[in-house]
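The values are calculated or read from the model by the stated rules, or taken from the named source; none is laboratory data. Everything numeric here is computed off the predicted structure, so don't read it as measured data. When we count neighbours, we look across all protein chains shown, and the Cβ atoms used for this are built from the backbone with ideal geometry, even at glycine.
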Ligand SMILES: C[S@@+](CC[C@H](N)C(=O)[O-])C[C@H]1O[C@@H](n2cnc3c(N)ncnc32)[C@H](O)[C@@H]1O
């Protein structure tokens, strides 16, 4: 099996571009979540903070944990948080198959285009489940599994069916599946 490639922090401009905002508007995404302003939420694989910043703004009496396995990504998120004068976020250097957060402290979590890069997606999901409180929500964003000019190689992509099987096997309760645009989908599950 070819090892999966992590998103290169030198290409972070793509992740925070205006074009991306047209494909996925983070405020619209937040409006689809069962999130409340006092929730404790983790952005697992936060990258340069495309979702962390709007989430931290939303969680005005809650807390955000922004995690990534690449330190450069946390630095970029830190910079964006500072520019937005947000102070309710804890940045955590995560491990490939271990999320350094205690059991059952999170109300919700997001993994956005992370499972496609994770060496063991199912283990990462299991870790996310461990950190969630009972009935905590998890939203997963991924690319459709078909050949396209943009996005990760086909071999790294996870189809909706594969993801559903994975989350069912881990005991998550399925709540919703919808297309974000013609290339990307989101799945909402609960612990
Ligand atoms: C394609 S980027 C997406 C970043 C962000 N979630 C977004 O949608 O803009 C994927 C991110 O996941 C991180 N990542 C990959 N594997 C991870 C893992 N096992 N645990 C935490 N983060 C991971 C990468 O370092 C990278 O920053």
So which residues in the stretch 153-172 are modelled with pLDDT of 95 or more and loosely packed, with under 11 Cβ neighbours inside 10 Å?
161, 171
Just to be sure before I move on: is residue 129 closer than 24 Å to residue 178 by Cβ and part of a helix (DSSP H, G or I) in the structure I sent?
yes
Within 12 Å of the ligand (Cβ to nearest atom), at pLDDT 95 or above and buried (at least 18 other Cβ atoms within 10 Å of the Cβ): which single residue out of 66, 56 fits that description?
66
Among residues belonging to the stretch 103-126 that are part of a strand (DSSP E or B) and farther than 17 Å from residue 36 by Cβ, point out the one that is farthest from the ligand (Cβ to nearest atom).
111
Out of the stretch 96-117, which residues are without any contact (Cβ under 8 Å) to a residue 60 or more places away in the chain and on the phi < 0 side of the Ramachandran plot?
96, 97, 98, 99, 100, 101, 102, 103, 115
Residue match in the stretch 149-158 (condition: within 16 Å of the ligand (Cβ to nearest atom) and at positive phi)
yes
Looking at the structure I just gave you, is residue 74 away from the ligand (no atom under 14 Å from the Cβ) and either buried (at least 18 other Cβ atoms within 10 Å of the Cβ) or within 17 Å of residue 137 (Cα to Cα) (or both)?
no
Looking only at residues that are in contact with a strand residue (DSSP E or B) (Cβ under 7 Å, 6 or more places away or on another chain) and in a loop (DSSP other than H, G, I, E, B) in the stretch 77-102, which one is nearest to the ligand (Cβ to nearest atom)?
94
Filter the stretch 24-37 down to the residues that are away from the ligand (no atom under 14 Å from the Cβ) and touching a residue at least 60 places away in the same chain (Cβ under 8 Å), then identify the one that is surrounded by the most Cβ atoms within 10 Å (Cβ to Cβ).
35
Determine whether residue 77 is within 19 Å of residue 27 (Cβ to Cβ), in contact with a helix residue (DSSP H, G or I) (Cβ under 7 Å, 6 or more places away or on another chain) and modelled with pLDDT of 95 or more.
yes
Options 175, 120; residue that is over 22 Å from residue 69 (Cα atoms), in contact (Cβ under 8 Å) with a residue 24 or more places away in the chain and surrounded by fewer than 16 Cβ atoms within 10 Å (Cβ to Cβ):
175
So, first residue on the phi < 0 side of the Ramachandran plot in the stretch 46-60, second residue assigned to a loop (DSSP other than H, G, I, E, B) and within 7 Å of the ligand (Cβ to nearest atom), Cβ within less than 6 Å, six or more apart or across chains; the pairs are 52/46
